[in-house]
Amino acid sequence: MYPWNHRTVMVTALLALAGVAGCAQQETPERSRGPDPLQMTPEAYAEYLVFESGSFRLDQPVQEGGDARQRMEQDEIQRLCSETRNRPPADVAARIVRIARESIRYPEGGIQLGDWRKGAELARSGYGYRVGHRNDDPDRTAGGNCYACHQMDPDELGYGNLGPSLTNYGELRGQGESVRRFVYEMIYNPHAYFPCTNMPRFGVNDFLSEESISHIMAYLLDPESPVNPGIEPGEGERRGL
Amino acid sequence: MLRRLLWYSILLSGLACVPAAASDSPYLTKRQQLMMLAESNPAELTLWKGEELFHEKRGPKNASLEACDFGLGPGVLEGAYVQMPRYFEDAGRVMDLESRIIYCMKTLQGFTEEDAPIARKHSSTTHTADLVALYTYIASQSDGMKWDPPMDHPMERLTRDAGEVLFYRRAGKMDFGCVSCHSEQRKRIRLSYLPSVHQPAEWAKAISWPAYRIGHGVVRSSQHRVRGCYWQMRQAGLNFGSEASIAILSFWTDQARGHVATLPDLKR
């Protein structure tokens, strides 16, 4: 037998009280467990909701290894953009650009263009890394889903407009070293140029492989790609390119 | 066939003076065809099933849901849904309509979480979930009314405010938050116009769930919508009726305040 100490008596009394309270209602209020939210700021309560309330399936395995908890943990850019609601003041924007620039890793052997035909498929595919009630197959290549937000091949009518049109991107800019470098960086981590942009960081987040990025870049820049059907004479000058 | 043709010709002739045509919201006007079809919304079948289920004596306690309090008193359905989510003293938490129906199925009818009427949260093309049917019927009793979620209880306000934080919270493998798709008017994903949280008229239509989703062939709920958003965002799976889901619903309903609900709605 364990001797009754102060703590045991307290716990027993609390349990008895909780039992009485439980009898008074048909269902024990869920809020009686855990901390009192009314003592929290909305920001603290939101974090509690994400990580402590059981609202999300945090223990579910994810395609990249580990579990879904890491999907919910914010890195610095995610946090800063959330806090400033995607409108960072100048000093925060400068910090984001600096973090983004430092994050970019380049392929060994330089930035090469891959196969635009494979890029065309990847630009249309929205597959990959979804978890929850249904899980995407990790063995199937993830797509960049470019058409969700950008116009590319002018014959593809199902394009979104959250981002700018990329039709004739290579036609207007060529395929030189500086263009390839910029396009690679925009796909890898676009916050290096547009702090708090809506565009995902396909490289930093390991969403697209180096190879997939090279195919999508070819789709954008290759003169043979349907993204570059050509322009009317003088259009480049009118657009300042 | 003739009757249907007649209907279409009446609808077409009336098209020029449909009020939404005056709107400059592409989310509303580009869905003109949907509004035409809404005359025969298949969600009505789900609604009728829900009406029967609501009055039927069911479960271990052999009781109907007629005594369920959706916030305006036991059995009062008219206008109840547009005034949710709401804090319920008996449950000690903020609930949306779907959570409240489950609460009453447990307390009044004696069903448990494992029983099919509660366990089955969503419909398939071959089976309409009881929960969806009940939700459609009860929500339809607020059709045409203005969204007006209560903000009297401190938990209602905190839940709404945390929902706003979650709306802007970017995370996951694509850095998305709700804000990524729903903060600007005239934006599309592929061909679908997106509703903006800052445009109350289109937002009020957008949050009008239940809706028959043409692409799914069944009626879907707000819980189904918000789950799909988190899935597409590549964040963690969102649990049905969870506190976080209700926080988001609380914020999104508050953003539609004062604007008319279409219940049930018809969506792409």
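Values as computed for the structure displayed
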| item | result |
| --- | --- |
| Filter result (closer than 20 Å to A:Pro200 by Cα and in a loop (DSSP other than H, G, I, E, B)) within segment A:138-157 | A:Pro138, A:Arg140, A:Thr141, A:Ala142, A:Gly143, A:Gly144, A:Asn145, A:Cys149, A:His150, A:Gln151, A:Met152 |
| Residue ID - surrounded by the most Cβ atoms within 10 Å (Cβ to Cβ), chosen from residues in segment B:105-143 that are of a type in the set (A, V, I, L, M, F, W, C) and closer than 25 Å to B:Thr262 by Cα | B:Ala139 |
| Some residue of segment B:223-232 being without any contact (Cβ under 8 Å) to a residue 12 or more places away in the chain, under 30 Å from A:Gln63 (Cβ atoms) and touching a Lys or Arg at 6+ places or on another chain (Cβ under 6 Å) | yes |
| Subset of segment B:211-260 that is surrounded by fewer than 24 Cβ atoms within 10 Å (Cβ to Cβ), more than 14 Å from chain A (Cβ to nearest Cβ) and of a type in the set (A, V, I, L, M, F, W, C) - its residue that is farthest from A:Glu73 (Cα to Cα) | B:Val260 |
| In segment A:35-61, residue farthest from A:Phe207 (Cα to Cα) [restricted to those that are within 8 Å of another protein chain (Cβ to nearest Cβ) and assigned to a loop (DSSP other than H, G, I, E, B)] | A:Met40 |
| Failed criterion for A:Asn205 (all others in (1) at the interface with chain B (Cβ under 10 Å from one of its Cβ atoms); (2) within 28 Å of B:Tyr193 (Cα to Cα); (3) touching a residue at least 60 places away in the same chain (Cβ under 8 Å) hold) | (3) |
| Tabulated pairs, segment B:50-67, first over 19 Å from B:Leu97 (Cβ atoms) and of a type in the set (Lys, Arg), second modelled with pLDDT under 95 and buried (at least 19 other Cβ atoms within 10 Å of the Cβ), C-beta under 9 angstrom, 6+ apart or interchain | none |
| Residues located in segment A:198-241, provided they are hydroxyl-bearing (Ser, Thr, Tyr) and part of a loop (DSSP other than H, G, I, E, B) | A:Ser209, A:Ser225 |
| Within segment B:86-97, considering residues that are over 17 Å from B:Leu131 (Cα atoms) and assigned to a loop (DSSP other than H, G, I, E, B), the one nearest to the other protein chains (Cβ to nearest Cβ) | B:Gly92 |
| Among the candidates B:Ser196, B:Ser208, B:Ser183, residue that is more than 14 Å from chain A (Cβ to nearest Cβ), among the hydroxyl-bearing types (Ser, Thr, Tyr) and in a loop (DSSP other than H, G, I, E, B) | B:Ser208 |
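The values are calculated or read from the model by the stated rules, or taken from the named source; none is laboratory data. Treat the numbers as computed from the prediction; the structure is a model and nothing was measured. Cβ sites come from the backbone with ideal geometry, for glycine too, and all protein chains shown count toward neighbours.
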